[in-house]
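S.K.: Pasting a structure here, questions to come.
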Amino acid sequence: MNVTVNELALVCALCPALADAGVPASLVIAVPGLQDAEKASEVPEVDPRAVAELRKMITELERYDRVILKTRTTWEAIQDSGMKLQFDAEQEIGIHRPNKLYSIVLRDDGRRTKFFFDRSTLSYLNVTDNEYVQLPVPPTINEMLDYVLEKFDVPAPPMLDFLYGDMETSFLSGLQSAWYVGESTIRGKRCHHLAFSHEDVDFQIWIPTTGQALPVKYTITWKNEPHMPWFVARFTEWSTAPSFAKDAFSFVKPNGATKIDPPRPTGESD
């Protein structure tokens with residue numbers, strides 16, 4: 001079996017939505033607390049407070065070379081008929097900058113996948129089917145992600161901005177509007193509710209008003225895609241000083257696992 005482009009997107013994107021939906025995962029912008037629809041027209045093009053609060057989160061995250069984050073995600077998969085289906089997953093991501101990364105995903109249908117990047121090799125393991133694929137890639141997280149997205153022409157995945165070392169550029173480059181929506185409570189934490197718009201995507205993020213500025217919830221919408229499917233990640237745990245095992249980022253071939261062919265880069269023929 002050959003790995004499809006969308007499966008590779010899953011590998012590098014660390015998000016199972018792409019494999020199911022066949023289109024970028026995304027999210028619907030909610031506007032809680034509005035008294036009437038007219039308030040939507042009062043949103044400033046770029047609210048300095050929204051940008052300032054987002055930059056606090058970026059500064060907080062960029063302090064740490066080692067991070068483990070856990071999420072519960074929900075995404076929509078648009079069917080050919082236009083019907084929307086929802087799927088869930090639990091995910092753990094380990095980051096050791098600048099050159100190590102892993103992801104473990106357990107989907108609601110029971111399928112389990114693992115992803116490992118250790119300096120020069122990208123490895124993806126489909127635990128359920130006991131199949132794996134490996135690719136030679138550039139030696140840093142940023143370079144690896146750029147390489148895979150460019151060479152295989154895959155769409156930018158929802159959680160990508162949290163993986164890059166330069167989050168200022170990832171989140172704010174091409175920003176068209178920013179809105180400080182207000183304060184809200186997410187799982188008992190009082191948060192700043194922020195909304196941002198780019199040419200092709202909108203995203204919202206909830207950041208605690210006190211303590212570490214580590215996000216609690218994140219949503220994104222590919223607004224130019226048919227039916228505007230959405231994606232939401234609820235951050236259930238952050239560890240900013242983890243002790244990784246020596247082999248945490250290393251792929252170990254399971255007994256009986258089948259190696260499958262990786263996709264060819266876009267434009268490359270046999």
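S.K.: Go through (1) in contact with a strand residue (DSSP E or B) (Cβ under 8 Å, 6 or more places away or on another chain); (2) surrounded by 15 or more Cβ atoms within 10 Å (Cβ to Cβ); (3) closer than 30 Å to residue 121 by Cα one by one and return the number of the condition residue 170 breaks.
M.R.: Status for residue 170: all satisfied but (1).
S.K.: Can residue 171 be described as of a type outside the set (S, T, N, Q), over 19 Å from residue 45 (Cβ atoms) and touching a helix residue (DSSP H, G or I) at 6+ places or on another chain (Cβ under 7 Å)?
M.R.: Considered against the rule, which asks whether it is of a type outside the set (S, T, N, Q), over 19 Å from residue 45 (Cβ atoms) and touching a helix residue (DSSP H, G or I) at 6+ places or on another chain (Cβ under 7 Å), residue 171 comes out as no.
S.K.: Residues of the range 236-270 being assigned to a loop (DSSP other than H, G, I, E, B), polar (S, T, N, Q) and farther than 16 Å from residue 127 by Cα, which ones?
M.R.: 240, 243, 266, 269
S.K.: A follow-up question, please. Is there a residue being of a type outside the set (Gly, Ala, Ser), touching a Ser or Thr at 6+ places or on another chain (Cβ under 9 Å), farther than 21 Å from residue 92 by Cα and surrounded by fewer than 17 Cβ atoms within 10 Å (Cβ to Cβ) anywhere in the range 199-208?
M.R.: Within the range 199-208, none of the residues are of a type outside the set (Gly, Ala, Ser), touching a Ser or Thr at 6+ places or on another chain (Cβ under 9 Å), farther than 21 Å from residue 92 by Cα and surrounded by fewer than 17 Cβ atoms within 10 Å (Cβ to Cβ).
S.K.: Could you please find all residues in the range 222-270 being more than 27 Å from residue 80 (Cβ to Cβ) and modelled with pLDDT under 90?
M.R.: 262, 265, 267, 268, 269, 270
Let's see how each residue does on (1) surrounded by 18 or more Cβ atoms within 10 Å (Cβ to Cβ); (2) without any contact (Cβ under 8 Å) to a residue 24 or more places away in the chain; (3) touching a Lys or Arg at 6+ places or on another chain (Cβ under 9 Å); (4) not in a helix (DSSP H, G or I):
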{"residue": "135", "(1), (2), (3), (4)": "yes, no, no, yes"}
{"residue": "138", "(1), (2), (3), (4)": "no, yes, no, yes"}
{"residue": "143", "(1), (2), (3), (4)": "no, yes, no, no"}
{"residue": "150", "(1), (2), (3), (4)": "no, yes, no, no"}
{"residue": "154", "(1), (2), (3), (4)": "yes, no, no, yes"}
{"residue": "158", "(1), (2), (3), (4)": "yes, no, no, yes"}
{"residue": "164", "(1), (2), (3), (4)": "no, yes, no, yes"}
{"residue": "178", "(1), (2), (3), (4)": "yes, no, yes, yes"}
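S.K.: Sticking with this structure for a sec: Just the residues that are of a type outside the set (Gly, Ala, Ser) and out of contact with any Asp or Glu (no Cβ under 8 Å at 6 or more places or on another chain), please, taken from the range 103-123.
M.R.: Correct list: 109, 111, 112, 113, 114, 115, 116, 117, 118, 119, 121, 122.
S.K.: Among (1) hydrophobic (A, V, I, L, M, F, W, C); (2) modelled with pLDDT of 90 or more; (3) in contact with a strand residue (DSSP E or B) (Cβ under 9 Å, 6 or more places away or on another chain); (4) within 29 Å of residue 224 (Cα to Cα), which single condition is residue 95 missing?
M.R.: Condition (4) is where residue 95 drops out.
S.K.: More than 15 Å from residue 144 (Cβ to Cβ), β-branched (Val, Ile, Thr) and surrounded by 14 or more Cβ atoms within 10 Å (Cβ to Cβ) - does that describe any residue in the range 81-102?
M.R.: no
S.K.: Give just the number: which of (1) surrounded by 14 or more Cβ atoms within 10 Å (Cβ to Cβ); (2) more than 25 Å from residue 208 (Cβ to Cβ); (3) within 18 Å of the chain's Cα centre (by Cα); (4) at pLDDT 50 or above does residue 6 not satisfy?
M.R.: Result: residue 6 fails condition (4) only.
S.K.: Please count how many residues of the range 183-235 are part of a loop (DSSP other than H, G, I, E, B), farther than 21 Å from residue 78 by Cα and touching a residue at least 24 places away in the same chain (Cβ under 8 Å).
M.R.: Qualifying residue count for the region: 9.
The values are calculated or read from the model by the stated rules, or taken from the named source; none is laboratory data. Computed from a predicted model, the values in this text were never measured in an experiment. We place every Cβ from the backbone using ideal geometry, glycine too, and count neighbours over all the protein chains shown.
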